[in-house]
1. Among the residues of the stretch 75-96, is there at least one that is under 17 Å from I24 (Cα atoms) and in contact with a His (Cβ under 8 Å, 6 or more places away or on another chain)?
2. Applying the selection to the stretch 77-96, what residues are closer than 21 Å to P46 by Cα and surrounded by fewer than 22 Cβ atoms within 10 Å (Cβ to Cβ)?
3. If I filter the stretch 114-123 for residues that are of a type in the set (S, T, Y), in contact with a Ser or Thr (Cβ under 9 Å, 6 or more places away or on another chain), modelled with pLDDT of 95 or more and under 19 Å from V21 (Cβ atoms), do I get at least one hit?
4. Which of the numbered conditions does S94 fail, given that it passes all the others? Conditions: (1) without any contact (Cβ under 8 Å) to a residue 40 or more places away in the chain; (2) farther than 19 Å from T118 by Cα.
5. With the stretch 1-107 as the region, which helices (runs of 4 or more DSSP H) entirely inside it contain at least 1 residues that are modelled with pLDDT of 95 or more?
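The values are calculated or read from the model by the stated rules, or taken from the named source; none is laboratory data. Just so it is clear, the structure is predicted and the values come from calculations on it, not from any experiment. Reconstructed Cβ throughout: ideal geometry from the backbone, glycine too, with neighbour counts over all protein chains shown.
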Amino acid sequence: MQRFLTALTLGLAALQVHAEVINIDNAELLRLQAAGVPVVDVRTAPEWQETGIVPGSHLLTFFGDGGRAEPAAWLRKLQPIATPDQPVILICRSGNRTRTISNFLSSQVGYTKVYNVTRGIKDWIKDGKPLNKAEQAASTCNWASTC
């Protein structure tokens, strides 16, 4: 039993060493996206409609009404976009939701490189960066279990 616990502890420690959440700004978002790293917008459909989205984003709501989440269903939808061994960029309104989701992906799911856009779409808009209408998204999923 002691060997099992030691092996488990070492395995978890190794996972944490390899897992990485990196906070990024708009310039880094553009650079990474140009290099082929997918952007996942985790906001809700009304938010996408209100502000528009980063061109090329995949729309996949994580937290629904009242903060409800379906992590397993959401992860199934994320897998075709980015697997745990591939980098992924997360964006929300202000960086708060993506901070939580980034840590979840990194520490509990084993994603090795998660980029968190720290100031979200609000800063993107403030900087005058381009926006698309939500209908122009690469993939759209208003709520993980319904699509």
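1. No, because not a single residue in the stretch 75-96 is under 17 Å from I24 (Cα atoms) and in contact with a His (Cβ under 8 Å, 6 or more places away or on another chain).
2. Within the stretch 77-96, K77, R93, S94, G95, N96 meet the criteria.
3. yes
4. (2)
5. 26-34, 45-51, 71-78, 96-104
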